[in-house]
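Novice: What follows is a structure written as structure tokens; I'll ask about it next.
The values are calculated or read from the model by the stated rules, or taken from the named source; none is laboratory data. Because the structure is predicted, anything quoted here is derived from the model rather than measured. Note: ideal-geometry Cβ built from the backbone for every residue, glycine included; neighbour counts use all protein chains shown. Calculation scope for accessible area: heavy atoms of the full protein, side chains included, ligands and nucleic acids excluded. Shrake-Rupley method; radii C 1.70, N 1.55, O 1.52, S 1.80 Å.
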Amino acid sequence: LHIILLVGLILIIIIGAIYYNTKVESDKVVVARVNDETITKGELYEALVAQNGQAVLDSLITDRIIELELKKHNITVTEESVQAEIQNISAQYGGEEAFEQALAAYGYSLDVVRSDIEKSLKIKKLLEPEITIAEDEMKNYFEENKDVFNVQEQVKASHILVDSEETAQEVKNKLLTGEDFAKMASEYSIDISNKEQGGNLGFFSKGDMVKEFEDTAFSLEIEKISEPVKTEFGYHIIKVEDKKAAKEATYEESIDKIKEMLLEQKLPAAYDAWFKDKHEKYKIENLL
């Protein structure tokens, strides 16, 4: 018993010394100066803990519970699914370049967003079996939102974007002599989000592009190449590669989309209930 008490006392002394030395070291590290007065790393740490410590710690606890649950259930997602989600989000911003510019404006990096998307997809995969979507619910949702599922007229096009009308005309002349469009895009286009893919923009509907670009793309025949088109971004040479006519949706053709939309709607409430249950089951010690 005396030996156990002695060992315990020694451990307390060691832990206290480690804490003391850490604090002393932090108090020596200067992070700012005002005239001759210093602000130390220790002062900064204490201020951050006082202002946001509990909220940040709660967030870390939440992340740790999620990580443990994902590991327990062996939840993984493919790189392809993460990349597809990034492309969907990028499209909403008008392309990968515009998306990355928006991230930079808010002080985020693409790697951080990629990590968050991966985690979100894993949580969705974990919770999906917990969410029930009835057939009647799906049919009612389709009837109430038919316009969402109707296929709009679409055009698949590629473009070469340059910064002057002179360069645009030079590119157009070379295309008329038989130069390859994808090769010209790689060589001339200033749209870095798709120049290495031959300027491919995929399919888009009316309203997705600026008006000048859209008017030309929808009026061109398949495999035709436009004259230079001026927009706020520069001068475009547009090649239309395919078209899809407008089509009224049917319930049977829309089942997968309906399920996905209803799942997205139900996820927040399902997550709240799931996390509350897990939070109560885990042994959590808040020692801040």
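Novice: State which residue is modelled with the highest pLDDT when the search covers only segment 65-109 and only residues that are among the aliphatic types (A, V, I, L, M), in contact with a helix residue (DSSP H, G or I) (Cβ under 8 Å, 6 or more places away or on another chain) and closer than 20 Å to G202 by Cβ.
Specialist: Initially, segment 65-109 is screened for residues among the aliphatic types (A, V, I, L, M), giving 65-66, 68, 70, 75, 77, 82, 84, 86, 89, 91, 98, 102-105.
Filter once more, keeping what is in contact with a helix residue (DSSP H, G or I) (Cβ under 8 Å, 6 or more places away or on another chain): 65-66, 70, 75, 77, 82, 86, 89, 98, 103.
Next, only the ones that are closer than 20 Å to G202 by Cβ stay: 82, 86, 89, 98.
Values: V82: 91, I86: 86, I89: 84, A98: 75.
Here the residue is V82.
Novice: Could I ask something else about it? If I ask for residues that are β-branched (V, I, T) and modelled with pLDDT of 90 or more, which ones from segment 41-55 would you list? So that I can check it myself, show each step before the final result.
Specialist: At the first step, the residues of segment 41-55 found to be β-branched (V, I, T) are 49.
Residues satisfying the conditions do not exist here.
Novice: Please specify each residue of segment 32-45 satisfying the condition of being of a type in the set (D, E, K, R) and open to solvent by less than 100 Å² (accessible area, probe 1.4 Å). Break it down into steps so the answer makes sense when it comes.
Specialist: Within segment 32-45, the subset of a type in the set (D, E, K, R) is 33, 36-37, 41, 43.
Selection gives E43 alone.
Novice: Of the residues E179, E227, which is touching a residue at least 40 places away in the same chain (Cβ under 8 Å), in a loop (DSSP other than H, G, I, E, B) and surrounded by fewer than 18 Cβ atoms within 10 Å (Cβ to Cβ)? First the steps, then the outcome.
Specialist: Working: E179 fails: touching a residue at least 40 places away in the same chain (Cβ under 8 Å).
None of the other options fit; the residue is E227.
Novice: Mind listing just one residue for me: the one in segment 196-210 that is touching a Ser or Thr at 6+ places or on another chain (Cβ under 6 Å) and either among the β-branched types (V, I, T) or open to solvent by less than 40 Å² (accessible area, probe 1.4 Å) (or both) and, of those, farthest from K156 (Cα to Cα)?
Specialist: Only one residue fits best here, namely V210.
Novice: Please identify the pairs in which a residue from segment 91-111 that is on the phi > 0 side of the Ramachandran plot has its Cβ atom under 9 Å from the Cβ atom of a residue that is open to solvent by 70 Å² or more (accessible area, probe 1.4 Å) and at pLDDT 85 or above, counting only partners at least 6 apart or on another chain.
Specialist: Here the result reads G94/D208, each pair linking segment 91-111 to a residue that is open to solvent by 70 Å² or more (accessible area, probe 1.4 Å) and at pLDDT 85 or above.
Novice: So, of the residues in segment 230-271 that are hydrophobic (A, V, I, L, M, F, W, C) and not in a helix (DSSP H, G or I), which turns out to be most open to solvent (accessible area, probe 1.4 Å)? Steps first, please.
Specialist: In the first step, residues of segment 230-271 are kept if they are hydrophobic (A, V, I, L, M, F, W, C); the result is 233, 237-238, 240, 245-246, 249, 255, 258, 261-263, 267, 269-270.
Next, only the ones that are not in a helix (DSSP H, G or I) stay: 233, 237-238, 240, 245-246, 249.
Values: F233: 119, I237: 1, I238: 0, V240: 0, A245: 81, A246: 74, A249: 16 Å².
Top of the filtered list is F233.
Novice: Return the total of residues in segment 194-237 being at pLDDT below 90, acidic (D, E) and under 17 Å from V162 (Cβ atoms).
Specialist: Residues flagged as at pLDDT below 90, acidic (D, E) and under 17 Å from V162 (Cβ atoms) within segment 194-237 amount to 1.
Novice: Kindly evaluate N140 against the criterion of being over 24 Å from the mean Cα position of the chain (by Cα) and polar (S, T, N, Q).
Specialist: Details: over 24 Å from the mean Cα position of the chain (by Cα): yes; polar (S, T, N, Q): yes.
For N140, the condition - over 24 Å from the mean Cα position of the chain (by Cα) and polar (S, T, N, Q) - is met.
Novice: Any idea how many residues of segment 58-80 are assigned to a helix (DSSP H, G or I) and either surrounded by 15 or more Cβ atoms within 10 Å (Cβ to Cβ) or on the phi > 0 side of the Ramachandran plot (or both)?
Specialist: First pass over segment 58-80, keeping only residues assigned to a helix (DSSP H, G or I): 58-72, 79-80.
In the following step, the residues that additionally are either surrounded by 15 or more Cβ atoms within 10 Å (Cβ to Cβ) or on the phi > 0 side of the Ramachandran plot (or both) were identified as 61, 65-66, 69-70.
Final tally of qualifying residues: 5.
Novice: Let me ask you something else. Which residues, counting only those in segment 121-154, are of a type in the set (S, T, N, Q) and open to solvent by 70 Å² or more (accessible area, probe 1.4 Å)? Give the derivation first.
Specialist: Taking segment 121-154 and keeping what is of a type in the set (S, T, N, Q), we get 132, 140, 145, 150, 152, 154.
Within segment 121-154, T132, N140, Q152 qualify.
Novice: Could you list, in sequence order, the residues of segment 182-193 that are among the aliphatic types (A, V, I, L, M) and either modelled with pLDDT of 95 or more or assigned to a helix (DSSP H, G or I) (or both)?
Specialist: Of the residues in segment 182-193, the ones among the aliphatic types (A, V, I, L, M) are 182, 184-185, 190, 192.
Selection gives A182, M184, A185.
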